[in-house]
Every structure is written in C-alpha cells, then in structure tokens.
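Chemist: Would you mind keeping the following structure in view while I ask a few things?
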Amino acid sequence: MTFRHSKVSISPYIYTTAISHFAKGPFMCMILNYPAIVGCFEYFQYFCTMDELYYDAIDLLKKMISTPSFSREEHEVADLIESQMNNWGLGPMRHGNNVWCITGHDSSKPTLMLNSHIDTVSVAKGWQRDPFAATETEDGRIYGLGSNDAGASVVSLLATFRHLAESDQSYNLIFLASCEEEVSGKNGIEATLPLLPRIDMAIVGEPTSMQPAIAEKGLMVLDGTVKGIAGHAAREEGENAIYNAIDVIEALRSINFERRSSLLGPIKVSVTQIEAGQQHNVIPDLCKIVVDVRTTDAYSNLETLDLLRKAAGEKCALVPRSTRLTPSSISPTHPLVKRLEILGKQAFGSPTLSDQALMPFPSLKIGPGDSARSHSADEYIDTWEIRDAIQTYITLLDGCNIN
Ligand SMILES: [Zn+2]
C-alpha cells in the first residue's frame, strides 16, 4: 500500500470490508483451501489499486488547478495531462488541446467513451482564496478554479479508465479530455470526434453529485430583427419598430408548445437583449432582439425554430446563430441507467448544457461535485467526492454491457 497522501484517511467502509475479508481468509482456507487464498490476495490487490488511483487522481487535480486553463488557452493543461498519461503508459493521442487514450480496439465490440473537459471559465468576482493555489483544508476540501467543473470529473474518469483497461471488458474504451467546452468551441469535442473510432455510448463527467442526468436541454440563440418605417416623432408618420417588437416579444413569451418532454419539462424561451433607436425624435425602423431558447427532446431544434418563427409572425426575422447544440437523452431502460437505479441513484433531466449537445450517440451525464458550485467564487471539491466517484464509476462499468 502507498500512503503518499497522509491527510486523507481510508474510508471506514473499505477498512472494515478489508479487515473482515482478511478475518474470513484463514477460516475459508480451511474449507476451500487454495481459492480462498487467491480470493484474499486478489481483493488485497484491488484495494491497493483503488488507493493508488485515488491518490494519483488527487495529485493530478491539484496540478490541473495550478495550471490556468481558460477556454481556448488550454495548451499547458493539455501538456500536463498528456505527459501524465505517458507516465502511466496509456499511449495518449492529441489533436490541438484535446487528449485521449484508447484500449486495444476490437471492431466486434461496442465502444464506450469517458469524457470531460479541461477548460475553465474566467475567475468570477468575489474569490476570497487564490483560485490557482489548489489549497486543501484539514478536512479534505480542495479549493480552486475548475476543481468542481470539471477537474474532479476528469481525474475520476481517468482513474476509472486506468482500472477498466486492466481487464477485458465487453466494450472498447476511450478516455477523452476535451477543450473549449465552456464556450462550445469548434476546436473541442466537435473537432475530435471524427478522429476517434465509432462511439456507441458516452459517460460525460460534469458535477451532478453523482446522480445521472439522462436528458439535457439543448440551446439555440436567435437574432431577431423587427422592421418598422422611419418617420418624424412629432408627426403622425412612420411605423414604430419598438411597438412591433412588443407584439413579437409578447408572442414569444406566451408561446405554447403542444408536446412536453417528460424529463426536461417545457422548452424555455427568453428574450434577453433588445436594441433600437438612434435619437429621440426619430420613429425607429428597426428593433433588434436576442432570444435564448433552451430546447428539449420533445422537438428537434429545427422544429422548435419553425414554431418560434410562426409565433413571431411576418414582421420579425429570426435567424439562429447555430442549431448544432441539440437536446440529448438516453432511454430510462438503458442497462447503465438500470444499473445506476440499483445503486440507489436518481435519474433526472438537466437544464444546463454540456458537450453532450455535440454527441450524435446516447450519453449519460454523471460526475462528482455540485452544479451550483460551478462558475462561482471559491469553487471547491471535497476529496471524498472523488473517491466516491471513482468507486461508483467502476462499480457501474466494470463487467457491464453498454448496449
Ligand atoms: Zn462543465
């Protein structure tokens, strides 16, 4: 056993389980002789491996936090992860600031991808601590930018990959640490997926308190232009584009979508920006609006866009900046979802967006930490959350079928 991280104690569960296993060992040996000794040895080995994985994960997380990795500036942290993977003999591959490793590929097996992101948002106002110091408190709390979102997921999934890669599984396995997630950038997962083997299923690490999000809302941002006719404000002339926009905004606000997602609830439409007018005495002939639309699996993004255009009417042109961030979901009867249910986990629909939106295959979002701590001052992760995540991922995935 290695104790390189003396501040963290072994969880009482593992300790008592290990002790009781050892206590049973000699007795079982008397009855079953050899197999019990082997079983005892194997258990002990596994126990050691879990500790190794855990301490390595904590070490790597601290290094990641100390390496600023704002979106589109992830080069250094990608270097760090790549060199760590090399040290562990994982044979990393890289495209830009995306780094991945693959177990031996068998084309007759389905492929599971473990993915999380290495970029962070910028430093929020109100930090009381150094966001890059990776300080750990006496009670095992690590503060730092990206500790919760999504460094803890990256290191826990990488630990899981290392464990699963040691034995034969019914699936091929890929671990991908991707960049530009926080900005849905084009050089992140979208650029990397075409370079990977065909993927059948993904586990996406994001802070969900290790509860599985089996559906996630998509996003469309629409630029709206509402026309009018210019005129002098003193005379009865022109057609005020702002007044026309009021009608459009009211129509968008009260739109009623017939279908409703059972997991994600209604589609959320919010007008979030408005701009019009040049000077006080001119009736404006143009009013621009921006509409934020959180889409669900009840409609495709294109269907949603079509309904919004109909509601907005002829006076408003609605142009999407992109329709590529689609809602995603996985069947509640999928074997992995069922297995999580047995582990006492509660499936839910997530309102926040992740790289799942860019994955054209089923995916499940689950990871250590709390979504409410993301993008906020004094972001932290508790070390027990990382140990729990590694154990849960391994229990979920070791020896399971993913189809
Ligand atoms: Zn995230």
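Chemist: For the chain, what does the helix formula give at 222 nm: sum of -39500 (n - 2.57) over DSSP H segments with n ≥ 4, over the residue count, nearest 500 deg cm²/dmol?
Modeler: -10500 deg cm²/dmol
Chemist: Given a Förster distance of 45 Å, report the FRET efficiency between N87 and T225 from their Cβ-Cβ distance, rounded to the nearest 0.05.
Modeler: E between N87 and T225, to the nearest 0.05, is 0.25.
Chemist: Taking neighbour Cβ counts within 10 Å as the exposure measure, how do S329, S170 sort from fewest upward?
Modeler: So the ranking, lowest neighbour count to highest, is S170, S329.
Chemist: Let me ask something else. Tell me the net charge near D223. Cut-off is 10 Å between Cβ atoms, D223 excluded, with +1 for each Lys or Arg and -1 for each Asp or Glu.
Modeler: Values: positive: K288, R321; negative: none.
Net charge in that neighbourhood comes out at +2.
Chemist: Taking amide H positions as placed in the peptide plane 1.01 Å from N, state which residues far from E239 in sequence (5 or more) or on other chains have amide H under 5 Å from it.
Modeler: I229, A230
Chemist: Take every Cα pair under 8 Å in the range 218-320 that's 6+ residues apart, average their separations, divide by the length, and report that relative contact order as a whole percent.
Modeler: It comes to 42 percent, rounded to a whole number.
Chemist: Then there's this: Over the chain, what is the mean sequence separation of C-alpha contacts under 8 Å (at least six apart), divided by residue count, expressed as relative contact order in percent? Write down the numbers at each step before the final one.
Modeler: Values: 809 pairs, mean separation 87.2, N = 403.
This gives 22 percent for the chain.
Chemist: Report, in listed order, any pair from K63/K186; K310/K345; K109/K338; K109/K268; K186/K288; K315/K365 with a Cα-Cα distance greater than 29 Å.
Modeler: Table pairs above 29 Å Cα-Cα are K310/K345; K109/K268; K315/K365.
Chemist: Could the peptides 350-360, 200-210 be put in order, highest first, of the mean number of other beta-carbon atoms found within 10 Å of their residues?
Modeler: For the peptides 350-360, 200-210, the packing ranking is 200-210, 350-360.
Chemist: Of the listed peptides 246-256, 179-189, what is their order by residue-averaged count of other C-beta atoms within 10 Å, with the highest listed first?
Modeler: With the highest mean Cβ count within 10 Å placed first, the list reads 179-189, 246-256.
Chemist: Mind giving me the FRET efficiency for K268 and H75? R0 is 45 Å, r the Cβ-Cβ distance, nearest 0.05 is fine.
Modeler: Plugging the Cβ-Cβ distance into 1/(1 + (r/R0)^6) gives 0.80.
Chemist: Treating the beta-carbon of each Lys and Arg as +1 and of each Asp and Glu as -1, no other charges, what is the dipole magnitude of the chain about its Cα centre, to the nearest 20 debye?
Modeler: On the way: 34 positive and 49 negative charges, 133 e Å.
Once rounded to the nearest 20, the dipole reads 640 debye.
Bear in mind these aren't lab numbers, they're just calculated from the coordinates by the rules spelled out. As the structure is a prediction and not an experimental result, all values here were calculated from the model. Every residue, glycine as well, gets a Cβ built from its backbone with ideal geometry; the counts of neighbours run over all protein chains shown.
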